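Trainee: I have a structure I would like to understand better, so I am pasting it below and will then ask my questions one at a time.
The values are calculated or read from the model by the stated rules, or taken from the named source; none is laboratory data. In this text, all values refer to a predicted model and were calculated from it rather than measured experimentally. Glycine gets a Cβ as well: all are built from the backbone with ideal geometry, and neighbour counts include every protein chain shown. Just so you know, the surface numbers come from the protein's heavy atoms only, side chains and all, with ligands and any DNA or RNA stripped out. Shrake-Rupley method; radii C 1.70, N 1.55, O 1.52, S 1.80 Å.
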Amino acid sequence: MATSATPNGLRPVNLIGGLPYSGSTRLIKIGSAYATNIFYGDIVSILAAGTIAKVTATGADGTTNAFPAGVVGVFLGCTYTDPNLKYKVFKQYWPASTVATDAYAYVVDDPNVVFQAQANGSLDQTSLGANVCVVQTAGSTTTGDSAVALNASSVNTSTFLPFRIVGFVDGPFSAVGDAYTDTLVKFNSGIHSYTSGTGV
């Protein structure tokens with residue numbers, strides 16, 4: 001049972017129609033010396049410069065906490081030439097302020113991907129089909145994993161909320177209604193950059 005809070009961001013599971021997730025990602029440039037850690041499972045957006053940034057908003061409303069227009073998916077690691085080692089490395093997370101002109105992020109950018117994410121509280125069956133925002137917590141530089149969680153108290157029908165709950169993780173260690181419910185979500189239409197008419 002998911003009785004302890006162990007959020008690790010968003011993890012791709014399959015596609016909304018039930019097809020398996022093939023592992024496909026898109027390489028998107030990270031600006032040299034970009035000054036924010038980006039962890040495996042963090043939500044990312046494209047900046048006007050054409051580079052990746054961690055989404056720090058929660059999506060809790062349509063104004064001050066709204067997701068930016070360029071939301072493009074979820075970060076699954078990166079590659080760059082380490083400025084100290086002088087050779088190309090592959091990392092679970094982007095270390096803030098790394099100077100590397102050849103830095104690229106691996107991003108799950110398909111808007112139809114279903115992600116597994118843990119809620120920061122209990123969700124029951126009535127949450128299916130509802131919308132939800134996230135809680136932004138710093139990830140771990142030890143594991144490289146995100147600590148983003150779903151905000152259980154935000155579940156409702158508001159259209160500005162960034163994710164739709166499409167299912168729950170049902171298994172030996174997870175069930176609907178657990179203290180920290182493991183949940184399946186996808187980006188809501190209009191939130192993901194590829195389904196929105198707003199450019200960056």
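Trainee: Looking at Y40, Y87, Y80, can you tell me which residue is surrounded by 15 or more Cβ atoms within 10 Å (Cβ to Cβ), farther than 25 Å from N112 by Cβ and aromatic (F, W, Y)?
Mentor: When all the criteria are applied, what remains is Y80.
Trainee: Any idea how many residues of segment 59-77 are under 13 Å from the mean Cα position of the chain (by Cα) and either farther than 14 Å from H192 by Cα or open to solvent by less than 20 Å² (accessible area, probe 1.4 Å) (or both)?
Mentor: Number of matching residues: 8.
Trainee: Something else about it: Of everything in segment 5-17, what is open to solvent by 50 Å² or more (accessible area, probe 1.4 Å) and within 21 Å of P162 (Cα to Cα)? Give them in sequence order.
Mentor: N8, R11, V13, I16, G17
Trainee: Can you go through A175, A119 and tell me which one is touching a helix residue (DSSP H, G or I) at 6+ places or on another chain (Cβ under 7 Å), over 20 Å from K54 (Cβ atoms) and not β-branched (V, I, T)?
Mentor: A119
Trainee: Among the residues of segment 20-36, what is the count of those that are within 16 Å of Q116 (Cβ to Cβ) and either open to solvent by 70 Å² or more (accessible area, probe 1.4 Å) or touching a residue at least 40 places away in the same chain (Cβ under 8 Å) (or both)?
Mentor: 2
Trainee: Give the residue, chosen from A96, A105, that is in contact (Cβ under 8 Å) with a residue 24 or more places away in the chain, crowded, with 21+ Cβ neighbours inside 10 Å and farther than 18 Å from T183 by Cα.
Mentor: So the residue among A96, A105 that is in contact (Cβ under 8 Å) with a residue 24 or more places away in the chain, crowded, with 21+ Cβ neighbours inside 10 Å and farther than 18 Å from T183 by Cα is A105.
Trainee: Going by what's in this entry, would A2 be described as at pLDDT 95 or above, part of a loop (DSSP other than H, G, I, E, B), small (G, A, S) and surrounded by 14 or more Cβ atoms within 10 Å (Cβ to Cβ)?
Mentor: No: the conditions fail for A2.
Trainee: If a residue must be in a loop (DSSP other than H, G, I, E, B) and either open to solvent by 50 Å² or more (accessible area, probe 1.4 Å) or among the small types (G, A, S) (or both), how many such residues does segment 143-181 contain?
Mentor: Number satisfying all stated conditions: 16.
Trainee: Ok, one more. Could you check how many residues of segment 158-200 are without any contact (Cβ under 8 Å) to a residue 40 or more places away in the chain and more than 20 Å from the chain's Cα centre (by Cα)?
Mentor: 4
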